[in-house]
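This report concerns only the one structure given below.
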Amino acid sequence: MLANYEVSQAEKKFIGLHLLFAVIAVSIGSLFGPLQALEHSGLDLYPYLQPIFKSYYQGLTIHGVLNALVFTTFFITGFLTLTTIYGLKRPLRYPKLNAVGFWMMVVGLVTAAIPILADEATVLYTFYPPMKAHWAFYLGLTLVVVGSWIEGYGMYFTYYAWRKENPGVRTPLTTFGGLITMVMWQIATLGVAAEILTMLLPWSLGLIEGTDPQLARTYFWFTGHPLVYFWLLPAYVSWYGMLPKQAGGKLFSDSLARFAFWLFLLLSVPLGFHHQYVDPGVPAGWKFLHAILTYSVFIPSMLTAFTVVASLEYAGRKRGGKGLLGWIRALPWGDPIVAAQLLAGILFFFGGIGGITNASYNVNLVVHNTAWVPGHFHLTVASAVTLSFMGISYWLVPYLTGKKLAVSNKFALAQVWTWFVGMMIFSNAMHVVGLLGAPRRTPLGLAPYIPEEWSGHLLRVGIGGTIMFFGMYMYVYIVAKTAWSKKAEPANVEVPLAESVQDPQDTPEWLDKWVPWLIGTVALLLVAYGPQLIDQISNISLTSPGFKVW
Amino acid sequence: MTEKQSMHIDPYEKNWIRLSIGLLVVFALAVTIAGFAMGIQVPSPEARVDPRTVADEGPWAEPGLRELAPGKYEAYVLAQTWQFTPREMTIPAGSEVTFYITSKDVQHGFKLQNTNINVMVIPGQVSKLSVKIDEPGRYDYICTEFCGLGHAAMFGTLIVE
Amino acid sequence: MAEHKNSDNGEFHPKGTWVILLIFVVTLILLWGSVYVILLSRGVTV
C-alpha cells in the first residue's frame with residue numbers, strides 16, 4: 001500500500017514556479033501557431049504585426065523555441081522533481097542545488113529571449129550555422145541546458161540518499177522513469193553542448209572566423225532526436241505510473257515498464273543520423289546503421305503501447321466494461337485528466353506511424369523537410385506530450401496550490417477535446433500537403449510554386465490551427481484562473497501513483513541496477529557515433545563565415 | 001533473489017513483442033532492397049569545397065547542365081540566398097541527370113518535385129543524387145530549408161520535353 | 001474461487017488490447033506501405 005507523503009510547502013512552491021514559467025512560455029509561443037497556420041490558408045497577418053514582429057520566421061522562431069524547448073523543459077523538470085521526491089517519500093537532498101539549476105534556466109531563458117524578440121536571432125529552433133545569431137542566444141540556450149543538468153544532479157543526489165536509506169527496495173516507478181529521463185538528457189545534450197561551446201559561441205563572439213556546418217548538424221542531431229524522448233518519457237511516466245490509477249485500475253506489468261525505460265536510455269541517443277539521411281556529408285552506411293537503431297527504439301514504444309492499453313483494459317473491465325471492446329466506453333472519459341491522456345494516446349498512434357515512416361532510411365526522401373514533418377511532430381510533442389501535460393496540470397495545479405480547478409469539469413473536458421479535434425484536422429492536412437511536396441518552414445502564401453490543388457488542404461491547416469489556438473488558451477485560462485483565484489474551494493488532491501498488478505518487489509533486480517545499463521549505453525554510443533565523430537572532427541574545416549539573412 | 005522474481009511477461013504481450021519485431025524486420029528488408037538492390041539511395045559524401053571560393057573557381061563558377069552522352073547529363077547547381085543557378089534547365093524525356101549541388105552561403109534544401117531528389121545543401125559539401133525522368137513536364141526544384149527572408153521564393157524549374 | 005497469489009490478475013486476458021493494436025498494425029502497414037510505394041514509383045537515385 002502506498003502511504004501518502006506530504007511534500008513541503010517550499011517544495012510545492014518550487015515545483016509550481018517551474019509550471020509558471022512553462023505556462024507563460026507556451027502562452028506566448030502559441031500566439032504564433034495560428035499566424036503560421038492561417039498564412040498557409042492565405043490569410044497572412046504578419047504584415048500587421050510589423051512594428052513588433054518583423055517576419056513569419058521570427059514568429060516561427062519564437063513558436064519553436066518557447067513551445068518545444070522552454071515549455072517542455074520547465075514543465076518536465078518541475079514534474080519530475082515531484083515524481084522523484086513523492087515516489088521516494090523524502091525531500092530533495094540539496095534543495096539549494098536544484099534552486100541554482102532552476103534559476104540558471106530562468107536566466108538562460110531571459111538571455112536567449114532578448115535577441116529573439118529583438119529579431120537578432122531569427123534562426124529557428126535548430127539554429128543551423130552559418131546563419132549567425134547574436135551570441136546571447138547561444139549563451140542563453142547553454143544556460144538553460146546546464147541549468148537542467150544541475151536540476152538533474154539534484155535528483156540523483158536525492159535518489160542516492162534514498163538508496164542508502166533503503167537498500168534492496170525497488171525504486172518507485174515514477175521516480176525511476178524520471179531519473180532515466182534526466183540521465184538520458186544528460187548524455188544527449190553533450191552534442192549540442194559541443195556544438196555551442198566549441199563552435200557557435202566562440203564564432204558569434206568573433207573568436208573564430210567560421211564554422212563547419214555539416215559537423216554542426218551532426219552535433220545538433222546527437223541531441224535533437226533524444227530531445228524527443230526527453231519530452232516523451234515524462235508523459236510515459238504518467239501513462240505507466242499514474243494513468244492506470246486515474247482510470248480505475250492497476251499497471252499491467254511493472255517489470256516491462258521498467259524494461260522499456262531502460263531500452264529508452266540505451267537506444268534514445270545513438271540514432272541521430274536518421275535526421276540526416278539526406279545530408280551530403282554523412283556516409284550512407286552510417287545512416288543505415290542508425291536506421292536500424294531507430295527501428296530498435298520503436299520496440300520499447302510498442303511495449304509501452306501494449307502495457308498502457310492493457311492497463312486501461314484492466315481498468316475498464318474492473319469498471320464493468322464487457323465484451324471485446326466494451327471496456328473502452330467504461331473508462332472514465334468524463335474526467336478531463338484521463339480524457340486528455342487517452343486522446344493524447346490516440347494521436348500518438350498516428351504520430352508513431354509517421355515516425356516509423358520518417359525513420360525508414362530512403363523512404364525519408366519522400367517526406368524530408370516537407371510539411372509532413374511538422375505535421376508529424378505536432379502529433380508527438382504537441383499531442384502525446386502537450387495534451388498529456390495538460391491533463392497532468394488538471395491535478396498538478398490543484399495539488400500544488402491546494403485549490404480546486406477553478407472551472408467546471410465540462411469546461412476542462414471541452415478544452416481537451418478542442419485540442420484533439422484541432423490537432424486531427426491540422427496534422428492530417430500537414431501530412432497530406434507534405435506528401436504532395438509542400439516544404440516545411442515556409443510561408444506558402446509567398447511561394448510562387450504552389451499549385452492550386454493544394455488550397456483545400458492548406459485551408460484545413462488554417463482551420464485546425466485556429467481550433468488549436470482556442471484549445472491552448474482555454475488551457476492557459478484554466479491554469480491561470482485556478483492559480484490566482486483567491487476564493488477557490490480547497491482541494492484535497494493526492495499524487496495519483498498507480499499500483500502494479502505484480503508487486504514491484506518481485507521485479508527482477510537487474511531491472512533496478514544502473515551500472516550495467518549505463519555501461520551498455522556508453523558502449524553502444526561509442527559504436528554508433530564514435531567513428532563518424534572522429535572522422536568528422538578530424539576533417540573539420542571552419543570555412544563557413546556567418547550570415548544574417550533575415 | 002527469490003524464485004518469484006522474474007519478468008512475468010504475459011503471453012499476450014509476448015506475442016505482441018514478436019509481432020512488433022517481425023513487422024520491423026519486414027520494413028527493414030523492404031528499405032534495404034529498395035536501397036541496396038534497386039538503387040534508391042540516400043546521398044553519401046561526394047567532395048568538400050570551400051564555400052568562400054566555390055562560386056569563383058571550379059565547376060560551380062559556371063553552373064548548369066552538361067551533356068555527357070545522349071540522354072545523360074550532369075547538372076551543377078549553385079544555391080545562394082535566395083536563388084538557384086541555373087534557374088531553368090531543359091532535358092529531353094527519358095534522360096538521366098546527376099545533380100551536384102552546393103551552397104556559397106547558408107544551408108539550403110533541394111527538392112525536385114515529384115521525384116526522389118530531396119537533399120540538404122550544405123556549404124562546404126557537395127550533394128549528389130541522380131534521377132531519370134520519362135514523363136515530360138515542368139518539374140520545380142524548391143528550397144526546403146529556411147535560408148532567410150526570401151526563402152519562400154527560392155526555386156527553379158527543370159523542363160522535360 | 002481458488003485462492004492464489006495473483007487471483008487479481010488470474011482472470012484477466014488483454015484480448016481487447018490485442019484487437020486495438022492489430023487495428024494499429026494494419027493502419028501502420030497501409031499508411032507506411034503507401035509512402036513506400038510512392039518511393040518505388042519515383043525510381044532510382046544512384
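The values are calculated or read from the model by the stated rules, or taken from the named source; none is laboratory data. Just so we're clear, the structure is a prediction, and the values are computed from it rather than from any experiment. Every residue, glycine among them, receives a Cβ derived from its backbone with ideal geometry; neighbour counts consider all protein chains shown. These accessible areas exclude ligands, DNA and RNA; they are computed on the full protein's heavy atoms, side chains included. Shrake-Rupley method; radii C 1.70, N 1.55, O 1.52, S 1.80 Å.
C:LEU21: open to solvent by 20 Å² or more (accessible area, probe 1.4 Å), modelled with pLDDT of 90 or more and not aromatic (Phe, Trp, Tyr), yes or no?
In short, no.
Here are the criteria: (1) more than 9 Å from every other protein chain (Cβ to nearest Cβ); (2) within 17 Å of A:ALA235 (Cα to Cα); (3) aliphatic (A, V, I, L, M). Tell me which single one A:MET302 does not satisfy.
(1)
Write out, first by first residue and then by second, each pair whose Cβ atoms fall under 9 Å of each other, whose residues are 6+ apart or on separate chains, and whose first residue, in the range B:71-92, is in contact (Cβ under 8 Å) with a residue 40 or more places away in the chain and in a strand (DSSP E or B) while the second is among the basic types (Lys, Arg) and crowded, with 17+ Cβ neighbours inside 10 Å.
Listed by first residue and then by second, the contacts come to B:ALA79/B:LYS104.
When both residues are 6+ apart or on different chains and their Cβ atoms are under 8 Å apart, which pairs have a first residue that lies in the range B:33-59 and is more than 14 Å from chain C (Cβ to nearest Cβ) and within 19 Å of A:PRO213 (Cα to Cα), and a second that is part of a helix (DSSP H, G or I) and not small (Gly, Ala, Ser)?
B:VAL49/B:TRP60; B:VAL54/B:TRP60
Hey, among B:ILE133, B:ILE101, B:ILE142, which residue is closer than 21 Å to A:THR543 by Cβ and of a type in the set (A, V, I, L, M)? Outline the logic, then answer.
Numbers: B:ILE133 fails: closer than 21 Å to A:THR543 by Cβ; B:ILE142 fails: closer than 21 Å to A:THR543 by Cβ.
Only one candidate passes the filter, namely B:ILE101.
Specify the residue that is farthest from the other protein chains (Cβ to nearest Cβ); the eligible residues are those in the range A:446-463 that are within 17 Å of B:ILE142 (Cα to Cα) and surrounded by fewer than 22 Cβ atoms within 10 Å (Cβ to Cβ).
The residue in question is A:GLU452.
For the range A:310-343, enumerate the residues that are without any contact (Cβ under 8 Å) to a residue 24 or more places away in the chain and either in a loop (DSSP other than H, G, I, E, B) or closer than 23 Å to A:VAL381 by Cα (or both).
A:GLY320, A:GLY321, A:LYS322, A:GLY323, A:LEU324, A:LEU325, A:TRP333
Can you say whether A:PRO443 is within 11 Å of chain B (Cβ to nearest Cβ), open to solvent by 10 Å² or more (accessible area, probe 1.4 Å) and not hydroxyl-bearing (Ser, Thr, Tyr), as far as the supplied structure shows? First the steps, then the outcome.
Values: within 11 Å of chain B (Cβ to nearest Cβ): yes; open to solvent by 10 Å² or more (accessible area, probe 1.4 Å): no; not hydroxyl-bearing (Ser, Thr, Tyr): yes.
Considered against the rule, which asks whether it is within 11 Å of chain B (Cβ to nearest Cβ), open to solvent by 10 Å² or more (accessible area, probe 1.4 Å) and not hydroxyl-bearing (Ser, Thr, Tyr), A:PRO443 comes out as no.
Just need a number here: residues in the range B:5-20 that are of a type outside the set (Gly, Ala, Ser), farther than 21 Å from A:PRO508 by Cβ and either within 7 Å of chain A (Cβ to nearest Cβ) or not in a helix (DSSP H, G or I) (or both).
Residues flagged as of a type outside the set (Gly, Ala, Ser), farther than 21 Å from A:PRO508 by Cβ and either within 7 Å of chain A (Cβ to nearest Cβ) or not in a helix (DSSP H, G or I) (or both) within the range B:5-20 amount to 0.
So that you can scan it fast, the table gives a plain yes or no per residue for (1) away from chain B (no Cβ under 14 Å); (2) within 17 Å of A:GLN536 (Cα to Cα):
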position	(1), (2)
A:LEU243	yes, no
A:GLY248	yes, no
A:ALA257	no, no
A:LEU266	yes, no
A:VAL269	yes, no
A:TYR277	no, yes
A:PRO280	no, yes
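Within the group A:ALA429, A:ALA406, which residue is modelled with pLDDT under 95 and surrounded by 19 or more Cβ atoms within 10 Å (Cβ to Cβ)?
Details: A:ALA429 fails: modelled with pLDDT under 95.
Selected residue: A:ALA406, the only one of A:ALA429, A:ALA406 that is modelled with pLDDT under 95 and surrounded by 19 or more Cβ atoms within 10 Å (Cβ to Cβ).
Only one residue in A:TRP231, A:TRP203, A:TRP286, A:TRP239 is more than 14 Å from chain B (Cβ to nearest Cβ), in contact (Cβ under 8 Å) with a residue 60 or more places away in the chain, assigned to a helix (DSSP H, G or I) and closer than 28 Å to A:TYR128 by Cβ. Which one? If you could, list the steps in order and put the result at the bottom.
Values: A:TRP203 fails: more than 14 Å from chain B (Cβ to nearest Cβ); A:TRP286 fails: more than 14 Å from chain B (Cβ to nearest Cβ); A:TRP239 fails: closer than 28 Å to A:TYR128 by Cβ.
Answer to the selection: A:TRP231.
Just to be sure before I move on: is A:PHE350 within 14 Å of chain C (Cβ to nearest Cβ), touching a residue at least 60 places away in the same chain (Cβ under 8 Å) and open to solvent by 20 Å² or more (accessible area, probe 1.4 Å) in the structure I sent?
yes
Among the residues of the range B:133-161, write down those that are assigned to a strand (DSSP E or B), surrounded by fewer than 24 Cβ atoms within 10 Å (Cβ to Cβ) and within 7 Å of another protein chain (Cβ to nearest Cβ).
Residues satisfying the conditions are B:ASP140, B:PHE155.
Looking at the range A:43-56, is at least one residue under 22 Å from the mean Cα position of the chain (by Cα) and free of Cβ contacts under 8 Å to residues at least 60 places away in the same chain?
no
Which ones in the range A:501-545 are open to solvent by less than 30 Å² (accessible area, probe 1.4 Å), within 14 Å of chain B (Cβ to nearest Cβ) and over 26 Å from the mean Cα position of the chain (by Cα)?
Within the range A:501-545, A:VAL501, A:GLN502, A:ASP506, A:THR507, A:PRO508, A:GLN532, A:GLN536, A:THR543, A:SER544 meet the criteria.
Taking A:GLY178 and the conditions (1) at pLDDT 95 or above; (2) over 22 Å from A:THR73 (Cα atoms); (3) among the small types (Gly, Ala, Ser), which numbered condition does it fall short on, given that it satisfies the others?
A:GLY178 satisfies all of (1) at pLDDT 95 or above; (2) over 22 Å from A:THR73 (Cα atoms); (3) among the small types (Gly, Ala, Ser) except (2).
Any idea which of B:LEU24, B:LEU29 is surrounded by fewer than 16 Cβ atoms within 10 Å (Cβ to Cβ) and either assigned to a helix (DSSP H, G or I) or more than 14 Å from chain C (Cβ to nearest Cβ) (or both)? Steps first, answer last, please.
Working: B:LEU24 fails: surrounded by fewer than 16 Cβ atoms within 10 Å (Cβ to Cβ).
Of the residues listed, the single one that is surrounded by fewer than 16 Cβ atoms within 10 Å (Cβ to Cβ) and either assigned to a helix (DSSP H, G or I) or more than 14 Å from chain C (Cβ to nearest Cβ) (or both) is B:LEU29.
Can you name every one of the strands (runs of 3 or more DSSP E) wholly within the range B:93-132 that holds 3 or more residues which are within 7 Å of another protein chain (Cβ to nearest Cβ)?
B:118-121
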